[in-house]
1. In deg cm²/dmol and to the nearest 500, what is the mean residue ellipticity at 222 nm of the chain if only DSSP H runs of at least 4 residues count, each as -39500 (n - 2.57), divided by the residue total?
2. For the chain, build the charge dipole from Cβ charges (+1 Lys, Arg; -1 Asp, Glu) around the Cα centre, then report which of GLN61, ALA370, TYR353 sits farthest towards its positive end.
3. Quick one: net charge around HIS74, please, counting Lys, Arg +1 and Asp, Glu -1 for every other residue with C-beta under 12 Å from its C-beta.
4. For Cα pairs less than 8 Å apart in space and 6+ apart in sequence, what is the mean separation divided by the residue count of the stretch 318-392, i.e. the relative contact order in percent?
5. Given CYS183, TYR129, ALA297, which one lies farthest toward the positive end of the charge dipole of the chain, if we put +1 on the Cβ of every Lys and Arg and -1 on the Cβ of every Asp and Glu?
6. State, as an integer percentage, the relative contact order of the chain based on alpha-carbon contacts under 8 Å between residues 6 or more apart.
7. Which of these, TYR313, TYR60, TYR33, has the largest mean-square fluctuation under a Gaussian network model of the chain (Cα springs below 10 Å)?
8. For the stretch 281-395, what class follows from the C-alpha gyration tensor (a ≥ b ≥ c being the square roots of its eigenvalues): rounded when a/c is under 1.5, otherwise prolate if a/b is larger than b/c, else oblate?
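Derivation of every value follows stated rules applied to the coordinates shown; laboratory data play no part. Because the structure is a prediction, the values reported are computed rather than measured. Every residue, glycine as well, gets a Cβ built from its backbone with ideal geometry; the counts of neighbours run over all protein chains shown.
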Amino acid sequence: MAGGLAAALGPAKTLFSGVGDPIRRTMKNGMAYRRLGRTGIEISEISLGGSPLPGGDLFYQVLDRGVNYIDTSHAYEGGNSERRIGRMFKDRGRDSTFVCTKFHVRGKWDETSIIRSVEGSLRRLETDYVDVLAVHGAENAADLDDERVLSAFARLRDQGKFRFTGLSCHANHAAVVEKAVACGQYDVITLAYNVFDGQPAEKSTAVFCDYLGESGVGRLITLAKTKNIGVIAMKVLKSGGRQQDLARYRTDTSTLPQAMIRWALDNPHVDSVVTEILSYKEMEEDLAAAGSPIGTAEREILARHVADNGRNYCHACAVCRGVCPAGVDTTSILRFLAYAETYGKMDVAREAYRSLDGGQAVAACRDCGACEEACIYGLPVRAKLRQAHGLLVQA
């Protein structure tokens, strides 16, 4: 499989979407900045993920190194991520750091619950407003222009509680991003995008317009840019991340995570890469990737990494979930498995898995194989579901 995929990848340039536009960045004190779409704000090429934030003084050192955009949510660390940002604002002031926080549209949500969630976030953040207010983990495209969501945005904007609208998307990317662009209501999109999105499909599909050679996420990023929507790439270090032995994928001058970050930033339509920084080593590693182009050797190790690991990577297109006769939320389960295996977030993964039918979601699987028939990348979906259940259900 690895050899066949490596051959299919051909020249390393096939791992990129082929966008030929120039990259526009400015450099200041060792950090590169790009304009976040039509918001007009200049954000660092490396943004800081808030689930979790760096511990202790490391948090402040990351900011001192020029990182000026933080992505958080009411759900991160039980609200403590927002509280720590609030303490930072109290120590350093509000004007030098941009923050995005998010609210969910799930369960018995309505306009009132959205507003209540945002007001709670503002209290924890100890601020009157956020720069970007986003729908958290949008998967249902119809939610984006639902009157309840738009009305909540309108009321909160009138009250000066946020500057720009946004959304994050983990699955069903095509429908969600296309709706966000078409409805014209969203200024910023945070989207899963990484080198595995250059992985060729194993079989034809009508799911994406440009499925041959890539997952379609590159097309969606380009589509967003036709409306000057800001794009932030997340999950850039997914599938392998920092949890595997990555030494064999390094070049003489860079590590695999650095190559993966540069690959995402090589797309001129990506404004920033959001990543969690949990150690001084990770800070030095990640920040060194900003402001410099990706090299040929880095493209080659990325092609090898995809060839070696692509068979286990879920692209979260949600096609398998759509065809499951038992309604098993395959896409979410595989994402929770990645939380545990790739990012080492076992507690988060187990809590999220338990939220699906009390952790018994896989029990509904009929073992019919419809999910694997639908998967254009040939993932062993059923085996991964069983693996997730065994790993994430505590005795």
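1. -11500 deg cm²/dmol
2. Value computed over the given set: GLN61.
3. Once all neighbours under 12 Å are counted, the net charge is +2.
4. Reported relative contact order: 39 percent.
5. TYR129
6. With pairs under 8 Å counted, the relative contact order is 18 percent.
7. Maximum fluctuation in the GNM of the chain, among the listed residues, is at TYR60.
8. Here the stretch 281-395 falls in the oblate category.
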